[in-house]
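Notes follow the structure.
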Amino acid sequence: MKTVSIKAIMSIFALATTISFASAANTNANEKHLYNNDTVENGKITVREVCSEENGVLTLKSRSEMEYTEDGRLSVKRDFAWNNASSTWVFVRSVAYTYSENSLTVTLTDAKGNTQVMQQNM
């Protein structure tokens, strides 16, 4: 486990966001992506699935599951990729946010269980 600065947190967050969007994208430029907000609770999206549409056929691509704190802040985001062969969602990564009065801790975990912890005092 490793602790790093806010610059590293922002860099990792930007990278994780880029990877999330890249994993949902397909190399076919003519493919359209449809976002399906399956579950919304208390005005917050708790499940989002990304499907691609080509020639009228929808194909599952990725799924994100979000959890929030009692005061509405994001606490966990888990990303999954659709596996056509097994017809199951496969875990890709998670990002956990822990808030305290004077700090934010971000924990990134990948599919292999590798974890990186970043903390910023506020």
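Among the strands (runs of 3 or more DSSP E) contained in region 5-122, which hold 1 or more residues that are modelled with pLDDT of 95 or more and not hydrophobic (A, V, I, L, M, F, W, C)?
Working: elements: 32-41, 44-54, 57-68, 74-83, 88-99, 103-110, 115-121.
Answer list for region 5-122: 57-68, 74-83, 88-99, 103-110, 115-121.
Select from region 36-54 the residues that are within 16 Å of Asp79 (Cβ to Cβ), open to solvent by less than 50 Å² (accessible area, probe 1.4 Å) and not β-branched (Val, Ile, Thr) and list them in ascending order.
Result: Glu49, Cys51.
Are any residues in region 68-107 surrounded by 14 or more Cβ atoms within 10 Å (Cβ to Cβ) and among the charged types (D, E, K, R), and if so, which ones?
Once the filter is applied, which keeps residues that are surrounded by 14 or more Cβ atoms within 10 Å (Cβ to Cβ) and among the charged types (D, E, K, R), region 68-107 yields Lys77, Arg78, Asp79, Arg93.
Hey, among Val50, Val57, which residue is among the β-branched types (Val, Ile, Thr) and over 20 Å from Arg93 (Cβ atoms)? Give the steps one after another, and end with the answer.
Values: Val50 fails: over 20 Å from Arg93 (Cβ atoms).
When all the criteria are applied, what remains is Val57.
The values are calculated or read from the model by the stated rules, or taken from the named source; none is laboratory data. Remember, it's a predicted structure, so these values are computed and weren't measured experimentally. Note that each Cβ is placed from the backbone with ideal geometry, even for glycine, and that neighbours are counted across all protein chains shown. Side chains are part of the model used for accessible areas, which takes the heavy atoms of the whole protein and leaves out ligands, DNA and RNA. Shrake-Rupley method; radii C 1.70, N 1.55, O 1.52, S 1.80 Å.
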